1. Output the qualifying pairs, or none if there are none: Cβ atoms under 8 angstrom, residues six or more apart or on different chains, first residue in the range 43-69 and more than 13 Å from GLY240 (Cβ to Cβ) and touching a residue at least 24 places away in the same chain (Cβ under 8 Å), second residue surrounded by fewer than 21 Cβ atoms within 10 Å (Cβ to Cβ) and of a type in the set (Asp, Glu).
2. The conditions are (1) touching a residue at least 24 places away in the same chain (Cβ under 8 Å); (2) of a type in the set (A, V, I, L, M); (3) out of contact with any Leu (no Cβ under 9 Å at 6 or more places or on another chain), and ALA142 fails exactly one of them. Which is it?
3. Does the range 140-158 contain at least one residue that is surrounded by 19 or more Cβ atoms within 10 Å (Cβ to Cβ), at pLDDT 95 or above and not aliphatic (A, V, I, L, M)?
4. Cβ-Cβ distance below 9 Å, separation of 6 or more or different chains: which pairs start in the range 167-182 with a residue that is among the charged types (D, E, K, R) and end on one that is part of a loop (DSSP other than H, G, I, E, B) and surrounded by fewer than 24 Cβ atoms within 10 Å (Cβ to Cβ)?
5. Does any residue in the range 124-135 that is at positive phi come within less than 7 Å, Cβ to Cβ, of a residue that is charged (D, E, K, R) six or more places away or on a different chain, and which pairs are these?
6. Within the range 196-204, identify whether any single residue is among the basic types (Lys, Arg), in contact with a Gly (Cβ under 9 Å, 6 or more places away or on another chain), outside any strand (DSSP E or B) and modelled with pLDDT of 95 or more, and answer yes or no.
7. Answer yes or no: is there a residue in the range 160-168 that is more than 22 Å from LEU244 (Cβ to Cβ), outside any loop (DSSP other than H, G, I, E, B) and in contact with a Leu (Cβ under 9 Å, 6 or more places away or on another chain).
8. When you scan the range 268-276, do you find a residue that is surrounded by fewer than 18 Cβ atoms within 10 Å (Cβ to Cβ), more than 30 Å from GLU342 (Cα to Cα), without any contact (Cβ under 8 Å) to a residue 40 or more places away in the chain and not aliphatic (A, V, I, L, M), even just one?
Amino acid sequence: MHPDFLKKPENELTLPASDEIQTGRVCGICNRLSGTLLIRNVETECAVYDVYYCPACETGSVVPMPREEDLSALYTSGRYRSAEGKRFNPVIEFFIYLSRVLRKQRIKKCVSGGTLLDIGCGRGLFLDIMQRDGWTVAGVEADAETARDISKARHIPVKSGGPAEWGFGDGSFDVITMNHVLEHLHDPGEMVRECQRLLRKGGLLVCAVPNISSLQASVGKGVWFHLDIPYHIYHFSEAGLVNLLGKHLFRAVQIRRFDIEYGPYGWLQTLLNISGIKKNYLYGLLKNPELRKEELALSRKRDMLLTLVLLPLYFPLSLALSVFESFVLKRGGSVEVFAMKE
């Protein structure tokens, strides 16, 4: 079951110009006329954005497209995470660690060991877990300063910049992971092509993204927590992600629609957002003090009061809705695809 906007187009194929992609006339993934305005006027501190949906590739995109230099400033260590690499209070950090251990276990059911590349490795926590388990690991992180910090702290090779700057040879890895990375990229297709080159034959690509065709996305619309504009440039449906991987000769062998880290909290924050509380207020409260101070500078007492009143109701409701959309509707808030290189 999918929202009404997920329909195949009848027509035209056209060659995109950069200004046409920028204005939403042409889809940056499949090069067809997009033309379906899905979400209007998403206000951020940077600008006001729309989301256009392309029914050909079943993917949404942000208009206007954020510039790479603007995004680079947003991802610096002090803005996106603390100088130590952490973003949340110790309790939340513990559960993040557990989720990475569960990811390791899922991967090991498919590949018992070998070489692994984590693209968009963040603080390097997952790489550290895999290395301690006996894997030979490497990482990629967009921000050069963050990449250097991880390499120094974790003793793990972490590259920055574009694929041409990484220096990895063809067939270097048994497994490549991209956990909530594709939606951040100006050219997701280029990254999937690079994964094709870097994986050995029969290698495993594990790719997770927020799901624009989820029930929580349909309910939340412009205040859906995982919309996360301008950080998220593209907004994939499950079919859109599978199609993109298939286009580059990856065969989906397993699809997970429930994620304990992204599903329930996606619902919880979205429900709070649509209740009139400052957008992502609870998310700000959960961050560590270094990041929380700026996030909460403009908050109101009313936001705190409403959050405290609604949390006992919304928390169990979020768990129930996440299970319902994932297992009954098969439209989870995020989707994780395990795909083999053919």
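1. Close Cβ pairs (under 8 Å, with a partner that is surrounded by fewer than 21 Cβ atoms within 10 Å (Cβ to Cβ) and of a type in the set (Asp, Glu)) amount to CYS46/ASP70; VAL62/ASP50; VAL63/ASP50.
2. Of (1) touching a residue at least 24 places away in the same chain (Cβ under 8 Å); (2) of a type in the set (A, V, I, L, M); (3) out of contact with any Leu (no Cβ under 9 Å at 6 or more places or on another chain), only one is false for ALA142: (3).
3. No, the conditions are met nowhere in the range 140-158.
4. Listed pairs, sorted by first residue: ASP174/VAL111; ASP174/GLY113; ASP174/GLY114; ASP174/TRP135.
5. Hits for this filter: GLY124/ARG154.
6. yes
7. No, because not a single residue in the range 160-168 is more than 22 Å from LEU244 (Cβ to Cβ), outside any loop (DSSP other than H, G, I, E, B) and in contact with a Leu (Cβ under 9 Å, 6 or more places away or on another chain).
8. Looking through the range 268-276, at least one residue is surrounded by fewer than 18 Cβ atoms within 10 Å (Cβ to Cβ), more than 30 Å from GLU342 (Cα to Cα), without any contact (Cβ under 8 Å) to a residue 40 or more places away in the chain and not aliphatic (A, V, I, L, M).
The values are calculated or read from the model by the stated rules, or taken from the named source; none is laboratory data. The shown structure was predicted, so the numbers you read here are calculated from the model rather than taken from an experiment. Here the Cβ is made from the backbone with ideal geometry for all residues, glycine too, and neighbour counts use every protein chain on show.
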